[in-house]
1. Using a probe radius of 1.4 Å on heavy atoms only, what accessible surface per residue do you get for the chain? Whole Å² is fine.
2. Let me check against my output: what whole-number percent is the relative contact order of the chain, with C-alpha pairs under 8 Å and at least 6 apart?
3. Compute the distance in nm between two label points, each set 7 Å from the Cα along the Cα-to-Cβ direction, one at Glu11 and one at Glu25.
4. Taking 2.2 N^0.38 Å as the expected size of a compact globular protein, what ratio does the Cα radius of gyration of the chain give against it, to two decimals?
5. Placing +1 at every Lys and Arg Cβ and -1 at every Asp and Glu Cβ, with all other atoms neutral, what dipole size does the chain have around its Cα centre, in debye to the nearest 20?
6. Carbon-plus-sulfur fraction of the accessible area of the chain, 1.4 Å probe, in percent?
7. In the stretch 1-45, if the dipole is taken from +1 on Lys/Arg beta carbons and -1 on Asp/Glu beta carbons about the Cα centre, which of Phe22, Ile42, Trp7 is farthest to the positive end?
8. In deg cm²/dmol and to the nearest 500, what is the mean residue ellipticity at 222 nm of the chain if only DSSP H runs of at least 4 residues count, each as -39500 (n - 2.57), divided by the residue total?
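The values are calculated or read from the model by the stated rules, or taken from the named source; none is laboratory data. The shown structure was predicted, so the numbers you read here are calculated from the model rather than taken from an experiment. Glycine also receives a Cβ, built like all others from the backbone with ideal geometry; neighbour counts cover every protein chain displayed. These accessible areas exclude ligands, DNA and RNA; they are computed on the full protein's heavy atoms, side chains included. Shrake-Rupley method; radii C 1.70, N 1.55, O 1.52, S 1.80 Å.
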Amino acid sequence: MSRWKIWIDRELCVGDAVCVSFCPEVFQLDEDGKAIVLKEIIDESLYNCVKEAVDACTAACIYMEQID
């Protein structure tokens, strides 16, 4: 089973919560109104919603890298 590492460049995040709307299992906003990653390593079961969040992010600050 494939796995991916997810991270956010918080300096670029604008806090519009698009990622949260696409994948609340992986993303949420913190007390500063910026996105944080709840699950840094995901498997295929969450790939599609994270990929949609990455593609929809207006700040292009979400990254995913396949690790195996």
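1. For the chain, the per-residue accessible area is 60 Å².
2. Result for the chain is 48 percent.
3. The two pseudo-label positions are separated by 3.2 nm.
4. Normalised Rg, Cα atoms only: 1.00.
5. Roughly 60 debye for the chain.
6. Here carbon and sulfur together make up 48 percent of the probe-accessible area.
7. Ile42
8. Helices in the chain give a 222 nm mean residue ellipticity of -7500 deg cm²/dmol.
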